[in-house]
Amino acid sequence: MKFKHIIGLLGAAAISVGLAGHASAQQTIKIGAVFPLSGNAASAGNHAKAAIETAVEIINNAHPELGNFPLAKDAGLAGLGGAKVEVVYADNQGSPATGQNQTLRLITEEKVVALTGAYQSGITLTASAIAEKYGIPFVNGESVAANLTERGFKWFFRVTPVASDFAKIYVDFLKDMKAGGAKIDTVALVHDNTEYGTSVASVVTSVFKDSGLATPLDVAYAANATDVQSQVLQLKEKKPDVVIMVTYTSDAILYSKTMQALDYKPPMIIADDSGYSDPSFIKAVGKISQGVFNRSSWSVGPKGSPTALIAEMYKKNSGDEMDDTAARQMQGFFVLCEAINRAGSTDPAKIQAALKATDLKPDQLMIGYKGVKFDDKGQNVLAAGVIIQLQDGENYVAVWPKGSAEKPPVMPYKGW
């Protein structure tokens with residue numbers, strides 16, 4: 001699969017320490033990052049941290065091996081007097097209230113004038129509300145709940161594709177699979193009761209109805225469950241042709257183990273990224289989840305390419321291969337950095353204006369979007385994705401659409 005590589009996006013990132021205006025030479029610039037560094041989503045949060053640390057390493061140090069990218073060849077923020085980026089991390093602990101409080105601390109005590117985060121949509125919801133109140137740009141790279149960009153906010157910008165984008169991808173993928181002989185008459189939608197789970201489930205159901213596909217069977221459960229036997233037994237009884245999983249990491253692992261224990265293998269499982277892309281999921285249950293489909297926007301690219309080199313840097317920082325969620329978080333951070341550099345200022349209003357004017361092309365990105373351009377709600381209208389599948393052990397490969405596929409899709413779901 002060939003995705004365009006970063007060109008200009010590895011440009012500057014700069015926010016002054018509580019001062020509006022231009023950054024002086026060698027000034028340290030603070031950006032706030034709110035992620036779950038402890039709790040059930042700690043693996044995802046720490047991989048996000050590794051992704052951002054990789055981006056900061058690219059910006060703050062000379063990396064001529066990445067070519068003539070702004071701030072890769074030379075150290076520091078050229079557009080802001082050679083200033084260095086410092087990211088201040090805050091642990092939201094998987095709690096919307098904690099995420100809100102930590103965001104307030106970053107703004108009022110750490111004096112950051114731009115933020116990124118917060119992985120779980122429910123926490124992004126509360127954290128970005130604080131940023132909105134204080135007039136601080138908040139760039140999100142990974143949360144997909146539809147309502148995040150439906151609040152009339154002026155300081156919130158989301159780079160990732162959203163639930164409706166992915167739902168349309170699922171519809172097109174399933175229709176192609178049906179044309180190839182797969183049975184897709186009945187679908188079950190398994191989701192938790194968080195902002196992410198309920199929002200995505202609602203959007204997927206609506207898009208399926210509008211597309212003429214069967215209304216999915218709704219299988220809801222409490223987030224961070226300790227027992228999902230009843231849900232798996234419900235699936236086993238109903239025998240859907242397709243199961244769509246909207247779950248965070250710990251629940252995704254639990255479902256896989258429970259399916260094995262109850263000897264339940266649906267013909268097709270499609271994961272809504274999240275827990276299924278987490279390296280800890282693959283380490284824990286990848287061998288018993290063979291054949292699961294997943295959505296993604298990330299590809300390593302050819303050996304020696306900028307994306308491959310960045311993936312190597314990320315692996316050195318994290319110990320794991322780059323996954324789609326971490327890549328989307330890194331891309332979001334680069335978008336914020338590019339806007340700050342273009343603004344030439346640490347004034348939040350000027351950064352906001354630069355974000356609104358963002359118009360990045362595919363060859364300026366490290367991920368497979370069609371570009372980055374925000375609508376008046378702050379949503380990237382050029383975000384895109386593909387379908388990948390866990391094949392041959394612990395590796396996902398692109399299988400759809402055909403033009404981007406590394407291998408053909410394998411059916412039915414193999415499991416263990």
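Computed values, structure above
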quantity: Option label - mean projected area of the Cα convex hull in nm² computed here, alternatives (i) 17.6; (ii) 21.0; (iii) 19.0; calculated: (i)
quantity: Footprinting exposure proxy for ARG105, ARG328, ARG342, ARG295 (fewest neighbouring C-beta atoms within 10 Å first); calculated: ARG105, ARG342, ARG295, ARG328
quantity: Under-5 Å amide H pairs with GLN93, H placed in peptide plane, nonlocal only; calculated: LEU37, SER38
quantity: Region 48-205 shape via C-alpha gyration tensor axes, a/c threshold 1.5; calculated: oblate
quantity: Solvent-free Debye scattering, log10 I(q)/I(0), computed from the Cα coordinates of region 162-258 at q = 0.15, 0.19, 0.22 Å⁻¹; calculated: -0.59, -0.92, -1.17
quantity: Helix 306-318 vs. the chain, principal-axis angle (Cα, 0 to 90°, nearest 10); calculated: 90 degrees
quantity: Degrees between helix 324-343 axis and first principal axis of the chain (Cα, 0 to 90, nearest 10); calculated: 30 degrees
quantity: Fraction of beta bridges assigned by DSSP in the chain that are antiparallel (%, nearest 5); calculated: 30 percent
quantity: Alpha carbon convex hull of region 222-262, volume per residue in cubic angstrom; calculated: 70 Å³
quantity: Cα→Cβ-extended label distance, 7 Å offset, between ASP359 and LYS407, nm; calculated: 4.2 nm
quantity: Sorted by Cβ density within 10 Å, fewest first, the residues HIS63, HIS47; calculated: HIS63, HIS47
quantity: C-alpha long axis of helix 96-108 to longest principal axis of the chain, angle in °; calculated: 10 degrees
quantity: Alpha-carbon centroid distance for the pair region 122-178 / region 222-237, whole angstrom; calculated: 27 Å
quantity: Helix-derived mean residue ellipticity, 222 nm - over the chain, DSSP H n ≥ 4, -39500 (n - 2.57), to 500; calculated: -11500 deg cm²/dmol
quantity: Relative contact order computed over the chain (Cα-Cα under 8 Å; 6+ residues apart), in percent; calculated: 22 percent
quantity: Sorted by Cβ density within 10 Å, fewest first, the residues THR186, THR194, THR358; calculated: THR186, THR358, THR194
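A short reminder: the numbers here are calculations on the coordinates, not readings from a lab. All values derive from a computational prediction rather than experimental measurement. When we count neighbours, we look across all protein chains shown, and the Cβ atoms used for this are built from the backbone with ideal geometry, even at glycine.
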